[in-house]
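Below is the structure I would like to discuss, written out as structure tokens.
The values are calculated or read from the model by the stated rules, or taken from the named source; none is laboratory data. Predicted, not measured: the structure shown is a model, and the values here were computed from it. Here the Cβ is made from the backbone with ideal geometry for all residues, glycine too, and neighbour counts use every protein chain on show. These area figures cover heavy atoms from the full protein model, side chains too; ligands, DNA and RNA do not enter into them. Shrake-Rupley method; radii C 1.70, N 1.55, O 1.52, S 1.80 Å.
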Amino acid sequence: MTRVLVGLALIGALASGIAAEEPASILRPSLDGFEPAVADLLRSRMERLESLAASGPSTDELARELGELGRLFLVYNLPESAESCLARAEQLQPDEFSWRYLRGSILQQRGDLEQARAVLTGALGLEPTDPTVQLRLAQIEFELGDEERAGELYRPLAERPGFGAAAHYGLGRIAAARGDLSGAVEHFETALSEQPQASQVRYQLGLAHRGLGDLERARELLAARGAGQLKFPDPEMETLGAGAVGVEVYLADGRRLRNRGDLPGAVAAFQRAIAAEPDEPEHWAILGATLLQMGRVEDSVRAYREVERLDPTSPSMLYNLAIGLIRLGQIGEAVARLEALVAQAPDHVDGRVNLATLYDRGGRPGDAERLLTEAIELDPYDSELQAQRASVLISLGRAPEARREMVALLRAEPDNAEALLVLGMANEALGSPGDAVAAWERVLALGVSEETAATAHYYLGRSLLGQGRSEEAVARLQRAVDSLPANRQLRLTLAGALGSRGEYRRAVEQYDAAIASEPRDESARFGKAMSLLLSGGESAASAHLSESVELLPESVPLKHLLARLLATAADDTVRDGAEALRLAREVFERAQTIDHAETVAMAFAELGRFDHAADWQGQIVERARATGQGARVPALEARRIGYQRGEVVRAPWSD
Amino acid sequence: MSRVLKGTLLGVTIALSVLPPGARGEDVPFVDRAAESGLDFVHFNGMSGELYFLETMGSGGALVDYDNDGDLDVYLVQGAMLGPGKTLADAIVPPVGPTPPSDRLFRNDSEGGELVFVDVTERSGIEATGYGMGVAAGDYDADGWVDLYLTNFGSNQLLRNRGDGTFEDTTMRAGVDDVRWTVPAAFVDYDRDGLLDLFLANYVDFTFSRRVHCSLPTGAPDYCAPLSYRPVPDRLLRNRGDGTFEDATRRSGIDSAFGNGLGVVTADFDGDGWIDVYVANDMMPNQMWINQGDGTFRDDGLIAGSAVNAEGQPEASMGVVVGDVDADGDLDLFMTHLQGETNTLYLSDGQGGFTDETRRSGLGQASWTATSFGTAWIDIENDGWLDLIVVNGAVSTIEALVRAGDPYPLHQPNQLFRNLGAGRFEEISAATGELFGLSEVSRGVALGDVDNDGDSDVLLANNAGPARLLINQRGQDAAWLGVRLLAGSGSDALGARVTVARAAGTDLERRVQVDGSYASSSDPRVLVGLGREPTVDRLELVWPDGRRRRWIDPELGRYAIWPAPGAAP
């Protein structure tokens, strides 16, 4: 190990006044390649140490300077330099707890457990009741095989606030090592109840259950194990970063806070990194990811737009920006980013899959199929991809091909739920509803996840609805909604099924739930309005539609429905011919359909301007004849005659 | 098969040239004979200062008798220049030896006690100039001549041994290419049809164009960790028996889990007669693929207790090795990890369950300060206990070496551990001479009796450094027996078991095993150390298809060749 002396002056000071038996030296890191701010900080602190040493300081002064420099080295993950400083500080100031504690912690982390034990035992001598040092010593004793001593240290900590979980975990490990698996289970469960996020505990708990022969419980726990660590207060380590500068420190701080669940703190740290290096796209990217994790989608998209400005071809940016845009409903922009991503990184499977999904939903199943085929070439073992491609094939009218592929996939993987779901869809498309139902029932028999089961129930419900078995359909769809209450698509389908049975009140409940989760959901608002109208609640429908139009002023269907209601409601307190005409004209200007024109005519009639109404209606009749909608002509003509007779319309929903 | 046969009647006992020990140091278990024997291979990692993650990872080597002359030849895997537009002129450490750098095959021409290796790469027809990672050896076409599968960053290669000293590249014809980053591969007859199938563990999706730049907390650039990239799925290729392979990855269920694969070892972990596969992943949970006997596998890593360490955390697994280290008749697992983690020993309960016994083994603390790659169980003194070699070299810069201005600040000394019995070990590196004081960036380790003197020697493949051939100076003084078990085709019966029943002491379990360690392939012969006072009653030999033979009063100090029951001797 290369030891670089900290200046002759320091040697002189130490040799003359303190301890001559050992070279007074610290390990100075090479500052080559360091971020300039970090290099400047460390250089200035090392120079300050040299100056101080040269000035004939008191032992305590010198020890403090060495100790603080040690802390700083530790922040920058320079443990050898840190330890050399702390060892010297400890030598100069043997009664200072911090230096011993920090050095012991470094040694523990380095795996030098014998030395760590000696140093931390010294720290415990200075602070005999300090729980953090007791805990670290207990961990070390256990690792070194002295389970007896480890237990002595852990037991009192089990009652200390903040330390109970870690202590019980340690006691559980001791019990398990001694073969007392029931005792271990008790300790692990206590630890987990105190810190449920500490998913690491589930591993040992699972193994203890395995040892006790309860394999089912063991598998359950082992599957739920994770990286969540046990936490305990550690003031010395937690305050290390104070005064440290440098982008990597800010980033490390941000990552630590994010891992700890302190997302606002993490955002602040990442913003500090951005302030130091505003043109570094990676900093914006990590900020964007954290904001997305917080649900601040718009802010996240803003951050990713900065990444885009700085590095327009970054594949991860293009992907994450697209995801944010999808969540904001800005599908066109999302498609553009994903297209750029696929062009930039042709082997980005997730990018292809998401773009394919958007294409499929946007009425471009052919393009979706092409992308998914290419994605499968890139990742031939992803059966979900194959199932997704097969579902696109169905929408392309290639159900036989989809069925063949899913049958082949199921031959290799008989319990593949996605393949069974799509096989059911293919069978349904091919006119075999019985086979479709059988496939979906098989999914449910597999004991699949809630989400997959809900999907199977959904398909079953939809199929039953198509067969006119609405009561059974409602039961299936209700089960799907119960499993995935946040899924609006499921609620809307259930509401539709309820509506088809005349259960408008229950339908409105579903629409309300969908609107609560997404107030801008046009379909849910329209469905609710229709349900209210069909159940005779014109006043409630009017209020709901007015609120909806205010929220979604661009929505043609909602505005049209309101116009029609205001023109034709049976309830005198609801009708408002002038407003109806204004809205109807707006809607007609947007889309000149027969229905929209009819509403204009109805509004004219409501205002008593029957000649205008009849004139409009006459043109509507001509239009219907000209556009091949002859079947509608008799009803339209009857209404024109009614207007000529001075009759208003009061049965708007009969057609 | 219950008949008790006199081994020497059916087994073909052969006497091999035993090299004299040469200059033996009293306390030095190994001497490096690479340079003096002609093994002049220096690994080239293609680094140019860009700190490509890839350049720290290669490579391995193989001890393999490619010419069937009864001694082990050496195959060493080479790197190449790295990075778009880079040429050899950009290399920080220029290549030593032939250019462009390529893998090399050395024939063992030892004679009269002198260890001699001759570079036969050119005449063998081998052209392997990709960025090499590892090598697996196995006779895939069952013609009695061992073939080689080379793993690369980029396309892999299958080299078929023609039996005349030359190899042909049959990668495309056999359908075994994989363009992803593969590190270890293993030949394994998982469906017990007598043909060697191929398991490939792939690592991460690193590409130069999508390279991630990584820094230390100080802002200084450093090599990235694997989690900067995405893991790539592993593959299982089933041998059709007509020179081609079919992709059985999905059908076998192997595609259902994967990680950053760096180590593969095959063995029957649950004792059901079907060979299982263990995959060691870097910073992700490991998989223990239990063979269901119907062409499918189930990952039992978690419930078996061998997927993560005792704290429930995945570790940076690199090399992996299997063996009965506590002499209780079942197969235990050991794997190597990153600095700041321990290497981990999982002891088997004999029924498919494992317990992380690192804490009590003495292997934990000693490994904390090193990043370990290749590893092998080696009975150094032939006393019947499996000792352990672990070779080291970091993957991110070491503070002290940076401080000292080292141009490649990753090197660390290797380690040797003596088995004390009952799963306990002590480190003996410091007492074993200069070799284990050398600080290098070591990667692959292959084990084999290179000088045919009855003890295990070590081929050590270094990154950006010379290959070493560590010749064992101790084992030959104790009693030993050697067995080569052949399959019906005359190729090595990989996965076969050998039980040595002893009048005094526990039975010793060994296997015909070439895989494991890190990206390397070892001697297929089973060598069993018996100590100073051997008391061997019999050998139980079990072939992978379940056929058995018993050898009463086996002859010691010789390698015996045992064809499969029913096959012509």
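With solvent modelled as a 1.4 Å probe, how much accessible area in total do chains B and A shield from it at their shared surface, in Å² to the nearest 100?
Roughly 3900 Å².
Quick check: Cα centre of the range A:311-376 to Cα centre of the range B:323-400, how many Å?
Cα centroid of the range A:311-376 versus Cα centroid of the range B:323-400: 46 Å apart.
Which is the longest part of chain B that has none of the trypsin sites (Lys or Arg not before Pro) sitting in a DSSP loop with at most 13 other Cβ atoms within 10 Å?
B:7-531
Between the chain alone and the structure with every protein chain in place, find the residues of the range A:27-57 that drop at least 40 Å² of accessible area; heavy atoms, 1.4 Å probe.
Buried by 40 Å² or more upon assembly, which counts only protein chains, are A:S30.
I would also like to ask the following. Can you work out ³J(HN,Hα) from phi for every residue in the range B:244-249, in order, using Karplus 6.51 cos²θ - 1.76 cosθ + 1.60 and θ = phi - 60°, giving whole Hz and x for Gly and Pro?
10, 10, 10, 7, 9, 4
Let me ask something additional. Going by Cα centres, the range B:503-569 and the range A:46-70 are how many Å apart?
First find each Cα centre; the distance between them is then 66 Å.
Here is a follow-up. What's the angle, to the nearest 10 degrees (0 to 90), between helix A:36-54's Cα axis and the longest principal axis of chain A?
Helix A:36-54 and the main axis of chain A meet at about 20 degrees.
Quick one: if you stick a label point 7 Å off each Cα along the C-beta vector at B:D553 and A:T129, how many nm between them?
Roughly 7.8 nm, to one decimal.
At B:D143 and A:L212, where each label point lies 7 Å from the Cα along Cα→Cβ, what is the point-to-point distance in nanometres?
6.0
Next question, about the same structure. Sort the range B:111-267 into rounded, prolate or oblate with this rule: let a ≥ b ≥ c be the square roots of the eigenvalues of the Cα gyration tensor; rounded if a/c is under 1.5, and if a/c is not under 1.5, prolate when a/b is larger than b/c, oblate otherwise.
Since a/c reaches 1.5 but b/c is at least a/b, the shape of the range B:111-267 is classed as oblate.
Can you show me the helix-derived [θ] at 222 nm for chain B, built from DSSP H runs with n ≥ 4 at -39,500 (n - 2.57) apiece and divided by the number of residues, rounded to the nearest 500.
Result for chain B: -1000 deg cm²/dmol, rounded to the nearest 500.
Follow-up. Roughly what would the spin-label model give for B:A89 and A:T59, points 7 Å off Cα along C-beta, in nm?
That separation, rounded to one decimal, is 6.3 nm.
Follow-up. At a Förster radius of 30 Å, what calculated FRET efficiency corresponds to the Cβ-Cβ distance of A:E586 and A:S500, to the nearest 0.05?
That gives a FRET efficiency of 0.45.
Related question: On full extension of the chain, what length is gained from A:A486 through A:E579, given 0.36 nm per residue of separation minus the C-alpha to C-alpha distance?
So the extension gain works out to 29.9 nm.
Long-range amide H contacts for B:G263: which residues qualify at under 5 Å (H placed 1.01 Å from N, peptide plane, sequence gap of 5 or more or a different chain)?
Answer set, sorted by chain and number: B:A280.
Also, I was wondering about something else. Could you pull out the longest piece of chain A with no exposed loop GluC sites (Glu not before Pro) in it, calling a site exposed if DSSP puts it outside H, G, I, E, B and it has at most 15 other Cβ atoms within 10 Å?
Free of exposed loop sites, the longest segment is A:160-553.
While we're on this one: If you line up the long axis of helix A:201-211 against the longest principal axis of chain A, both from Cα atoms, how many degrees apart are they, to the nearest 10?
90
Looking at the square roots a ≥ b ≥ c of the eigenvalues of the Cα gyration tensor of chain B, which shape do they give, rounded for a/c under 1.5, prolate if a/b is larger than b/c, or oblate?
Because its axes are fairly even, with a/c under 1.5, chain B counts as rounded.
Here is a follow-up. What's the local net charge at B:P184, with K and R +1, D and E -1, over the other residues with C-beta under 14 Å away?
-1
I've got another one for you. For B:T369, what charge total do you get from the other residues with a beta carbon under 12 Å from its beta carbon, if Lys and Arg give +1 and Asp and Glu give -1?
Local net charge: -4.
Mind checking the angle between helix A:577-590 and chain A's longest principal axis? C-alpha axes, 0 to 90 degrees, to the nearest 10.
Between the helix axis and the principal axis of chain A, the angle is about 70 degrees.
Picking from B:G97, B:G259, B:G112, whose Cα lies most toward the positive end of the charge dipole for the protein assembly as shown (charges on Cβ: Lys, Arg +1; Asp, Glu -1)?
B:G259
Long-range amide H contacts for B:V183: which residues qualify at under 5 Å (H placed 1.01 Å from N, peptide plane, sequence gap of 5 or more or a different chain)?
Counting only residues 5 or more places away or on other chains, the set is B:A201, B:Y203.
Have a look at the range A:294-444 and give its Rg and Dmax from the Cα atoms, expressed in angstrom.
According to the Cα coordinates of the range A:294-444, Rg and Dmax are 17.4, 56 Å.
Rounded if a/c is under 1.5, else prolate if a/b beats b/c, else oblate: with a ≥ b ≥ c from the C-alpha gyration tensor eigenvalues square-rooted, which is the protein assembly as shown?
The shape class here is prolate.
Shifting gears a bit: Please give the FRET efficiency for B:D164 paired with B:D242, using the beta carbon to beta carbon distance and R0 = 25 Å, rounded to the nearest 0.05.
Efficiency at R0 = 25 Å is approximately 0.70.
If one computes P(r) from the Cα atoms of the range A:151-261, what percent of pairs lie at distances over 23 Å?
38
Using θ = phi - 60° and the Karplus relation 6.51 cos²θ - 1.76 cosθ + 1.60, list the HN-Hα couplings for the range B:419-432 in order, rounded to whole Hz, with x at every Gly or Pro.
Once θ is set to phi - 60°, the couplings for the range B:419-432 become 7, 9, x, 6, x, 10, 9, 10, 7, 10, 3, 5, 9, 10 Hz.
Calculate for chain A the 222 nm mean residue ellipticity that helices alone would give, adding -39,500 (n - 2.57) per DSSP H run of length 4 or more and normalising by residue count, nearest 500 deg cm²/dmol.
Roughly -23500 deg cm²/dmol at 222 nm, from the helical runs in chain A.
Give me the net charge for the shell around A:T132: Cβ to Cβ below 11 angstrom, other residues only, Lys and Arg +1, Asp and Glu -1.
-3
In 10 Å bins starting at 0, how do the alpha-carbon pair distances of the range A:460-504 split up by percent?
34, 57, 9
Follow-up. Under the Karplus relation 6.51 cos²θ - 1.76 cosθ + 1.60, θ = phi - 60°, what is the ordered set of whole-Hz ³J(HN,Hα) values for the range A:535-546, x standing for Gly and Pro?
9, x, x, 4, 5, 5, 5, 4, 4, 5, 5, 4
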